[in-house]
Amino acid sequence: MPPSFEHELFVALLRDAEVVRVLLGVAGVDAVGPAGVVDATLTAPEQRADLLVLFGTEAAPSLAVVVEVQRSVDDRKRLSWPHYETSARARHGCDACVLVFATNATVAGWAAEPIRVGPMNTFRALVVDVRNVPAITDPERARAFPALSVLSAVAHGHDAAAVPSAKAAIAAVRTLPAEVGTLYWDAILEGMDEAARRELEASMELIKGYKYQSDFAKKYFHEGEVEHARAAVFTVLAARKLPVSEEVRARIQACTDLATLDAWLDRAAVASTADELV
């Protein structure tokens, strides 16, 4: 299954090593020294984590942090995470840990459970629930840590801190280059619930009628709409018990034009055969 917009967004925000430093603090780990993202390939044959952040320097590292964004329960990770930690420790010759950024409480609880790796050994990942991301509502702090402020806005987009967090993040984003800023704008507004976004629109004229600007968001949301439209066509054909040939099925699956799929959906409701669609 390809990664979702939410997963890739969080990975993009966590590429700022200072955000990882803050999340480590939330998990009870004090990471000192300079930090940077390094190659996240950890095993051979190649197996990659979402991110690997190295604290200290590559010549004298102090802590290797394997960062994983986790949106759902996946028991395969219970095999991967202990291996990631030991591989990072062996590669960089320093303390290592796995930091799981969980996007909901259910996943956080599952990820925090100890993992049995042998008769006398267990492994535990460090887990930060998205709800534990500190709320950044001060514009000055937001400007100092823009990626963290955007993560805060997304994390608190459904609670009482939604609007002040979003306003602080927007203040930070407006100072950034367009190639980064447009993605952050999209992330802030996508992360808010409808009520919070209406409140924000009422107080900030520039938000009204906003459309996604970043290629990143356009790609993911367009792909989501296309997949939904394809599924709708097949659902209508199945409900009407119309057989679908392999040729027609392949053409529907290959279509990436939303307008074409919408037209096929309209035809699916009245066509006598599936062949009439395409």
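Laboratory data are not the source of any read-out in this text; all were calculated from the coordinates shown. Computed from a predicted structure; not experimentally measured. Quick reminder, even Gly has a Cβ in these numbers, built from the backbone with ideal geometry, and neighbours come from all protein chains shown.
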>> Helix 5-14 against the longest principal axis of the chain: what's the angle in degrees, Cα atoms only, rounded to the nearest 10?
In response: 20
> For the chain, which span is the longest to avoid every loop-located (per DSSP) member of GluC sites (Glu not before Pro) having at most 12 other Cβ atoms inside 10 Å?
Replying inline: 59-278
> Among Ala102, Leu126, His156, which residue has its Cα positioned farthest towards the positive end of the charge dipole of the chain, with +1 placed on the Cβ of Lys and Arg, -1 on the Cβ of Asp and Glu, and the dipole taken about the Cα centre?
Replying inline: Leu126
>> Using only the alpha-carbon atoms, how far is helix 215-239 inclined from the longest principal axis of the chain? Give it as 0 to 90 degrees, nearest 10.
In response: 40
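I want the local charge near Ala171. Using Cβ-Cβ distances under 14 Å, sum +1 for each Lys or Arg and -1 for each Asp or Glu among the other residues.
Details: positive: Arg141, Arg143, Lys167, Arg174; negative: Asp138, Glu140.
Charge balance near Ala171 sits at +2.
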> By how many degrees, 0 to 90 and rounded to 10, does the Cα axis of helix 178-190 deviate from the longest principal axis of the chain?
Replying inline: 70
> In debye, nearest 20: dipole of the chain around its Cα centre with unit charges on the Cβ of K, R (+) and D, E (-)?
Replying inline: 360
> Is the range 77-137 rounded, prolate or oblate when judged by the Cα gyration tensor, a ≥ b ≥ c being the square roots of its eigenvalues, rounded requiring a/c under 1.5 and prolate requiring a/b larger than b/c?
Replying inline: oblate
> Do you know the relative contact order of the range 223-276, to the nearest whole percent, from alpha carbon pairs under 8 angstrom that are 6+ apart?
Replying inline: 51
>> Treating only the Cβ of Lys, Arg, Asp and Glu as charged (+1, +1, -1, -1), what charge dipole size does the range 223-276 show about its Cα centre? Round to the nearest 20 debye.
In response: 280
>> Could you give the length gained by full extension between Arg249 and Val29, i.e. 0.36 nm per residue of separation minus their alpha carbon distance, to one decimal place?
In response: 74.0 nm
> For the range 36-76, how big is the tail of P(r) above 13 Å, as a whole percent of Cα pairs?
Replying inline: 59
> After finding the eigenvalues of the alpha carbon gyration tensor for the chain, what semi-axes result from the square roots of 5 times each, listed largest first in whole Å?
Replying inline: 39, 28, 16
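What's the longest uninterrupted piece of the chain once you rule out the trypsin sites (Lys or Arg not before Pro) that are loop residues per DSSP with at most 16 other Cβ within 10 Å?
Numbers: sites that count: Arg15, Arg71, Arg76, Arg124, Arg174, Lys208, Lys211, Arg240, Lys241.
Answer - 16-70.
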>> For the range 5-132, take N as its residue count and report Rg(C-alpha) divided by 2.2 N^0.38 Å.
In response: 0.98
> What percent antiparallel are the DSSP beta bridges of the chain, to the nearest 5?
Replying inline: 55
